[in-house]
């Protein structure tokens, strides 16, 4: 099986301290280090992770996603997910972590909601 890469594109949000990370590819044991570096390099108060191009995550990727959420919460920052595919959503449900996250259908919905309220 060929190794699939994870790419991360960074965008500014509409609010001053809002960042959007567009992830493309699976979040797996092979790609988690790249994912974690991308998250660590951001210090925005509000982080939007666009998962619309993430076809699946494995248990290591799930752990990394939860760790990112916990880290943001401890620092008083906000991390939300958008564009979660059914396969990824199923993993979040099965492992009982879906309720940790605020999830929006699209990145634009998240940007608008968070710009209007300042937090999730």
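Rule-based calculations on the coordinates, nothing more; no lab input. Since this is a predicted model, take the numbers as computed values, not measurements. Positions of Cβ are generated from backbone atoms using ideal geometry, with glycine treated the same way; all protein chains shown enter the neighbour counts.
Numbers at a glance
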item: Cβ-derived FRET efficiency at R0 41 Å, residue 115 paired with residue 5, nearest 0.05; result: 0.85
item: Over the chain: helical MRE at 222 nm, DSSP H runs n ≥ 4 each giving -39500 (n - 2.57), nearest 500; result: -11500 deg cm²/dmol
item: Share antiparallel - DSSP beta bridges, the range 7-117, percent rounded to 5; result: 30 percent
item: Gained length - residue 24 relative to residue 89, 0.36 nm times residue gap less alpha-carbon distance; result: 21.8 nm
item: Over the range 1-56, volume per residue of the alpha carbon convex hull, in Å³; result: 70 Å³
item: Residues residue 34 and residue 74, FRET efficiency given R0 of 22 Å [Cβ-Cβ distance, rounded to 0.05]; result: 0.45
item: Convex hull projection area averaged over all views, the chain, Cα basis, nm²; result: 6.7 nm²
item: Calculated FRET value between residue 52 and residue 16, using beta carbons and R₀ = 22 Å, to 0.05; result: 0.35
